[in-house]
There are 4 protein chains.
Amino acid sequence: MKKSKPKYNQIIEAAVIVIAENGYHASQVSKIANKAGVADGTIYLYFKNKEDILVSVFEEKMGQFIERIVEGINEKQKANEKLFTLVEMHLRQLSEDHHLAIVTQLELRQSNSALRQQINKVLKPYLAVIDEIVKEGMEENIFRDDLNIRLVRQMIFGTIDEIVTNWIMKDGKYDLVKQAPTIHTLLSNGLTVK
Amino acid sequence: MKKSKPKYNQIIEAAVIVIAENGYHASQVSKIANKAGVADGTIYLYFKNKEDILVSVFEEKMGQFIERIVEGINEKQKANEKLFTLVEMHLRQLSEDHHLAIVTQLELRQSNSALRQQINKVLKPYLAVIDEIVKEGMEENIFRDDLNIRLVRQMIFGTIDEIVTNWIMKDGKYDLVKQAPTIHTLLSNGLTVK
Amino acid sequence: MKKSKPKYNQIIEAAVIVIAENGYHASQVSKIANKAGVADGTIYLYFKNKEDILVSVFEEKMGQFIERIVEGINEKQKANEKLFTLVEMHLRQLSEDHHLAIVTQLELRQSNSALRQQINKVLKPYLAVIDEIVKEGMEENIFRDDLNIRLVRQMIFGTIDEIVTNWIMKDGKYDLVKQAPTIHTLLSNGLTVK
Amino acid sequence: MKKSKPKYNQIIEAAVIVIAENGYHASQVSKIANKAGVADGTIYLYFKNKEDILVSVFEEKMGQFIERIVEGINEKQKANEKLFTLVEMHLRQLSEDHHLAIVTQLELRQSNSALRQQINKVLKPYLAVIDEIVKEGMEENIFRDDLNIRLVRQMIFGTIDEIVTNWIMKDGKYDLVKQAPTIHTLLSNGLTVK
DNA sequence: AATGAATGAGGATTCATTCAT
DNA sequence: CATGAATGAATCCTCATTCAT
């Protein structure tokens, strides 16, 4: 966590749970405060407004999320191993924190466009990690050398994101992480018989 | 159109414009009524409630959207041609109706999860079309025979969806349709050198 | 009343009573709505916001207030009779509407400076009436010809206003109108023995 | 100053500036504390509550204000000289402390009626000084012997007060003190040709 | 004496929906 | 069918005040 203030973290953790359980619009500030064990007004000592809670949740959690993936990737040598690690850890991390998955895949998207811009900014470093893997793969001659990096990044992120969202909307009834190899193969080899 | 009542369509068209221009949360029923040239109360003669307007917008527009894609696909023989047609027409149709693209890619997602369930129901036939293409491709031995249809569908839809969303968030500043071949190649052949 | 909408007037009348009885800051919109026999939301069909109620109360009441004084003055020939009429009617009108007197003398002054500017605008015509009397008096050679009109106006208004405010703060325990002749004499002849 | 504690005075001075610059309603206790260079809580070691700060500001400043006027008056023999001195010094003192003038003429009046009662109490000695002058003038046969002291006091105070308020609302754009003779003449001789 | 983090009560306003005409 | 005036529930945020340190 960026800030070591305990109340700040209490509120962040409470917000994830309350938003996951009630949905963003039914998550009154007082409900979050209550769950965090602080007074309503205390929220505003740590956050500018209700939206800021949401952005901060995303920043904090996304920060850890990316950090861990980057660590995992750094242990790998080849771009396709790195891609596999990214897919697998993306799925694993959301798989292991159901509340967080609900918030990122469903509730966070209910935000207005101002908020969405901020969320995109937080997401940038993650997208940069994807770009980096793709570039490395092209340089290593593991990936084709004519790839449009932006489109590849959108395919990789769009695919994983859609898969996680579907899983969440099915209430996480099946094993998400187990699908990492298949997804990786799909992205690597595409649909066509060679 | 489900109903041939002219006011029904007036309201649907007004809703697309108002939501695209103002965003979901700033699109009051009275604003839509005003744009449609009817009284507020009249809305409720044609729609159960505000959510119902949104679902209906999506139903109507998605109905046409899918219909046209199915027509396009039926003219093709091979699964990979069909897939190309689907990608190209998906991009083209949203490219040509900016208002609709904003509504489907951004504003509609701000709805609560109850509404999102209904939207998914509307989306089902489209996803079924994708599934059908994949199955045909496998039978024709054009696509690999070990594909997990659900995951493939999520990759195809997730990729296109992410690409369109990014395009909209960049205010449609570049040519979307032109990217269809590259996207199709990516989905078909994946990232890896063969 | 400027507007013949009955609810508009109901709300104005309710506001005078509620504000006079509770003070401006303890006069919640819901309390005014309740007194007026309308829903809270209805207030906002007729007034922009809470401040607008206050300004409108003043506009409506001040409009009548001035109108009557002007009528009274027009029946008089000489400036000093007109001045007497102004003093007497000013006192009489506030004397006869205790609620209104509380609102104008006490509660209205708790407004912020933005509101006060608007109130001053409403007051302008009344001050103009005073100016007119003074000018006439000077032309008629009834008043001294070296008067500084602005200062005279401020003396006349300041004197009456202070007297009414003191009366209100003593809960209207004595007869205000009866003092008109003395006040008029004071303003006319000053303090000094001639 | 009632208390010789330096922080007490720091807070009083800070309050005058903060209230004059921000207006009464935007003058949070924390803003005053900040300006005074003390912690929020420290305010409550010297003042019972926020209202008490205001009353104390008025008491302290009014105390000095009256003291100086009394000194000035004591140097004069005749009641009409004393009245002139009172008018002139009233204008001069507020003229020379713009912040204080804003607070006394505008911001302090936004207080609720409970506070206003206390303010009136503080004002009493000043009104007594006016009364004294009037009585002396009557005894000296300089002023008419049939004056209603209360009304005369209200005329004198109301006139000066209204003139200062108008001056403040015009941002002190003209010379206030220069008007003392005219005001004094008006109060002494009234409007009428003799 | 001094601090300042924490408290929590309180209220204007919006807008989807109704229903008398 | 159509209207649109009226309804009223629902909530974020501020800020004076407290009290453990």
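The values are calculated or read from the model by the stated rules, or taken from the named source; none is laboratory data. Source: prediction; values computed, not measured. Backbone-built Cβ (ideal geometry, glycine too); neighbour counts: all protein chains shown. Heavy atoms of the whole protein, side chains included, go into the accessibility calculation; ligands, DNA and RNA do not. Shrake-Rupley method; radii C 1.70, N 1.55, O 1.52, S 1.80 Å.
Quick one: would you say B:Lys82 is of a type in the set (Lys, Arg), more than 16 Å from DNA strand F (Cβ to nearest atom), part of a helix (DSSP H, G or I) and touching a Lys or Arg at 6+ places or on another chain (Cβ under 8 Å)?
It is true that B:Lys82 is of a type in the set (Lys, Arg), more than 16 Å from DNA strand F (Cβ to nearest atom), part of a helix (DSSP H, G or I) and touching a Lys or Arg at 6+ places or on another chain (Cβ under 8 Å).
Take the residues in region D:1-24 that are over 20 Å from D:Ser111 (Cα atoms) and part of a helix (DSSP H, G or I); name whichever of them is farthest from DNA strand E (Cβ to nearest atom).
The extreme case among them is D:Asn9.
I need every pair where a residue in region A:153-180 that is at positive phi has its Cβ under 8 Å from the Cβ of a residue that is open to solvent by 20 Å² or more (accessible area, probe 1.4 Å), sequence separation at least 6 or different chains.
A:Gly172/A:Ser95; A:Gly172/A:His98
From the set of residues in region A:145-191 that are open to solvent by 30 Å² or more (accessible area, probe 1.4 Å) and of a type in the set (S, T, N, Q), which is farthest from the other protein chains (Cβ to nearest Cβ)?
The residue in question is A:Thr185.
Among the residues of region C:46-86, write down those that are over 15 Å from the mean Cα position of the chain (by Cα) and in contact (Cβ under 8 Å) with a residue 24 or more places away in the chain.
C:Tyr46, C:Phe47, C:Glu51, C:Ile53, C:Ile73, C:Lys78, C:Ala79, C:Asn80, C:Lys82, C:Leu83, C:Phe84
Go through (1) open to solvent by 30 Å² or more (accessible area, probe 1.4 Å); (2) away from chain B (no Cβ under 14 Å) and name the single condition A:Asn80 misses.
Looking at each condition in turn, A:Asn80 falls short on (2).
Got a sec? Which of D:Glu21, D:Glu51 is closer than 23 Å to C:His25 by Cβ, more than 14 Å from DNA strand F (Cβ to nearest atom) and within 14 Å of another protein chain (Cβ to nearest Cβ)?
D:Glu21
Considering only region B:25-47, state which residues are open to solvent by less than 90 Å² (accessible area, probe 1.4 Å) and either part of a helix (DSSP H, G or I) or closer than 18 Å to B:Glu60 by Cα (or both).
B:Val29, B:Ser30, B:Lys31, B:Ile32, B:Ala33, B:Ala36, B:Asp40, B:Gly41, B:Thr42, B:Ile43, B:Tyr46, B:Phe47, listed by residue number.
Kindly indicate whether any position in region B:48-71 is among the hydrophobic types (A, V, I, L, M, F, W, C), within 10 Å of DNA strand E (Cβ to nearest atom) and open to solvent by 10 Å² or more (accessible area, probe 1.4 Å). So that I can check it myself, show each step before the final result.
Here is the first cut: in region B:48-71, the ones among the hydrophobic types (A, V, I, L, M, F, W, C) are B:53-55, B:57-58, B:62, B:65-66, B:69-70.
If we keep only those that are within 10 Å of DNA strand E (Cβ to nearest atom) too, we end up with B:53.
Okay, now just the ones that are also open to solvent by 10 Å² or more (accessible area, probe 1.4 Å), so none.
No, that holds for no residue.
Taking B:Thr104, is it at the interface with chain A (Cβ under 9 Å from one of its Cβ atoms) and crowded, with 18+ Cβ neighbours inside 10 Å?
no
Taking region D:98-124 as the region of interest, how many residues are in contact (Cβ under 8 Å) with a residue 60 or more places away in the chain and farther than 14 Å from D:Ser56 by Cβ?
Matching residues across region D:98-124 total 10.
Would a scan of region D:126-144 turn up a residue that is open to solvent by 40 Å² or more (accessible area, probe 1.4 Å), more than 9 Å from chain C (Cβ to nearest Cβ) and within 14 Å of the chain's Cα centre (by Cα)?
yes
Which of (1) assigned to a helix (DSSP H, G or I); (2) modelled with pLDDT of 95 or more; (3) touching a Lys or Arg at 6+ places or on another chain (Cβ under 8 Å) does B:Thr104 not meet, given it meets every other one?
Condition (2) is where B:Thr104 drops out.
Can you say whether D:Leu94 is closer than 22 Å to D:Ile149 by Cβ, more than 12 Å from chain C (Cβ to nearest Cβ) and surrounded by 22 or more Cβ atoms within 10 Å (Cβ to Cβ), as far as the supplied structure shows? Even if it seems obvious, please write down each step before you answer.
On the way: closer than 22 Å to D:Ile149 by Cβ: no; more than 12 Å from chain C (Cβ to nearest Cβ): yes; surrounded by 22 or more Cβ atoms within 10 Å (Cβ to Cβ): yes.
Here the answer is no, as D:Leu94 does not meet what is asked.
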